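The values are calculated or read from the model by the stated rules, or taken from the named source; none is laboratory data. Quantities reported herein were computed from a predicted structural model and do not represent experimental measurements. Every residue, glycine among them, receives a Cβ derived from its backbone with ideal geometry; neighbour counts consider all protein chains shown. Just the protein is used for accessible areas: all its heavy atoms, side chains included, with ligands, DNA and RNA removed. Shrake-Rupley method; radii C 1.70, N 1.55, O 1.52, S 1.80 Å.
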Amino acid sequence: MSDVFAELKWRGFVQQATPDVEAHLAGGHRSAYCGFDPTAASLQLGNLMPIMLLRHLQIGGHRPIVLMGGGTGMIGDPSGKKNERPLLSKEQIRENLHHQRDQMSHLLDFDTKDTRPLVLDNADWLEAQSLVAFLRDIGKHFSVNLMLQKESVQARLAAGISYTEFSYMLLQAYDFLHLFRKEQCTIQVGGSDQWGNITAGVDLIRRVESGEAHGLVAPLVTTASGAKFGKTEAGAIWLDPALTSPYQLYQFWVNTDDRDVERYLKVFTLLSQDAIKTLLQSHATNPGSREPQKKLAALVTELVHGKPACETAVGASAILFDEFSPRAVAPATFDVLAQEIPTVSVDSSAELLLVDAVVRAGLAASKGEAKRSIEQGGIYVNQERVKDVARKIGVEDWIGGRNLLLRKGKKDYALLRG
């Protein structure tokens, strides 16, 4: 067995762990689970951290179990929340669960045999559970005094916490017990806000089954500037391409602060220590190239959305920010550009003067303004400067027969599409 605990530690995944978890991991093939409550139609960027933790455990020879919270999602986890979560309908939870489960298929390796991930739904056993039997068989093992001391509960006492959310800890602990019994799962992982819930499950397994179980939590990902990770002015960064496009995801990572890039490369990629060290050395020599950020962005975008979507995102970014030739990218890149810059539909077979094209594209308010911009060398056709005010748009200018990229100055872009 590889030393997976050492791998997790240098990558920054270990904030707290139960005693002897390192020896437990080294002692054989284990099953480790992480829970995901379907409170939204898509996973967010913050969910990627525990998924990568599972991925590294899988690479280290252990089996990941993804537990979708079709049951616990109906209750709501108070961890990390200042107020009570709004309760979702069963139908909404089911729909969210299906979307998130589909996303998981891209993030872990399902082609392996011995470590092929399991994807389960805790509604399958929680909804069948009798309340009286649950209170008798499970509830008796929990001290209210100890539950009140848990951080997730303490943080909510001032604002108030319902019995519904207060009981969440028992349900998560029971999940661990169920997986211990049915799937020989002995490890639960998550973010540091889950430590109280995880140790409750470890203790329950010890009390009920006299079994050995372990927990490991990673620090919650933050930014050096203090902003919440995975959030922008436009809102959350989602893993669903319909909510956050592959291009927007790529740009989020490209814009990573220099102070954060090493930490994010360790957590969100599979790059080795040597590969990360080489990237950082290159960055120290030429910080303007942002090579570590671009590598990080490409690897995460490919992981989440696949290679073709990543290539178009990289191509669109290179065009808009590195003045890359649009003739060198895949045709699908123009579909990405059309979503990110002003785009106008025109008849590519009709005769069109550059002056008129500039006005049509919204890069000038009048023909006079367009002519002055051209004469001053401020207009580019497919990234090539044009100073001829009489210039016509010819057949050879239309890339792929229907795409013409115009630029004014350094940053104002527009796309004409035939």
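Output the residue which, of all residues in region 46-62 that are within 14 Å of residue 25 (Cα to Cα) and assigned to a helix (DSSP H, G or I), is most open to solvent (accessible area, probe 1.4 Å).
The qualifying residue most open to solvent (accessible area, probe 1.4 Å) is 59.
Can you tell me which residues in region 110-141 are surrounded by fewer than 10 Cβ atoms within 10 Å (Cβ to Cβ) and in contact (Cβ under 8 Å) with a residue 60 or more places away in the chain?
If the condition is that a residue be surrounded by fewer than 10 Cβ atoms within 10 Å (Cβ to Cβ) and in contact (Cβ under 8 Å) with a residue 60 or more places away in the chain, then 114 is the only one that fits.
Keeping to region 180-206, report how many residues are open to solvent by 50 Å² or more (accessible area, probe 1.4 Å), over 25 Å from the mean Cα position of the chain (by Cα) and at pLDDT below 95.
The total comes to 0.
What number of residues within region 325-358 are open to solvent by 60 Å² or more (accessible area, probe 1.4 Å) and either under 20 Å from residue 373 (Cα atoms) or among the aliphatic types (A, V, I, L, M) (or both)?
3
Taking the conditions exactly as written (in contact with a Phe, Trp or Tyr (Cβ under 9 Å, 6 or more places away or on another chain) and among the charged types (D, E, K, R)), does residue 266 satisfy them or not?
Spelling it out, residue 266 is indeed in contact with a Phe, Trp or Tyr (Cβ under 9 Å, 6 or more places away or on another chain) and among the charged types (D, E, K, R).
Which ones in region 18-43 are out of contact with any helix residue (DSSP H, G or I) (no Cβ under 8 Å at 6 or more places or on another chain) and crowded, with 18+ Cβ neighbours inside 10 Å?
Listed by number, the list holds a single entry, 24.
Does residue 314 satisfy being crowded, with 21+ Cβ neighbours inside 10 Å and within 22 Å of residue 331 (Cα to Cα)?
Spelling it out, residue 314 is indeed crowded, with 21+ Cβ neighbours inside 10 Å and within 22 Å of residue 331 (Cα to Cα).
Please specify each residue of region 360-377 satisfying the condition of being open to solvent by 20 Å² or more (accessible area, probe 1.4 Å), free of Cβ contacts under 8 Å to residues at least 40 places away in the same chain and assigned to a loop (DSSP other than H, G, I, E, B).
Correct list: 365, 366, 376.
Taking region 63-80, which residues are aliphatic (A, V, I, L, M), surrounded by fewer than 23 Cβ atoms within 10 Å (Cβ to Cβ) and farther than 15 Å from residue 92 by Cβ?
65, 66
Across region 125-153, which residue is nearest to residue 208 (Cα to Cα) among those that are in a helix (DSSP H, G or I) and either among the acidic types (Asp, Glu) or within 29 Å of the chain's Cα centre (by Cα) (or both)?
Among them, the one singled out is 137.
Regarding residue 249, is this residue surrounded by 21 or more Cβ atoms within 10 Å (Cβ to Cβ), touching a strand residue (DSSP E or B) at 6+ places or on another chain (Cβ under 9 Å) and assigned to a helix (DSSP H, G or I)?
yes
Filter region 379-407 down to the residues that are assigned to a strand (DSSP E or B) and over 22 Å from residue 339 (Cβ atoms), then identify the one that is least open to solvent (accessible area, probe 1.4 Å).
379
Tell me yes or no: at least one residue of region 262-277 is open to solvent by less than 40 Å² (accessible area, probe 1.4 Å), of a type outside the set (A, V, I, L, M) and in contact with a strand residue (DSSP E or B) (Cβ under 7 Å, 6 or more places away or on another chain).
Checked region 262-277: no residue is open to solvent by less than 40 Å² (accessible area, probe 1.4 Å), of a type outside the set (A, V, I, L, M) and in contact with a strand residue (DSSP E or B) (Cβ under 7 Å, 6 or more places away or on another chain).
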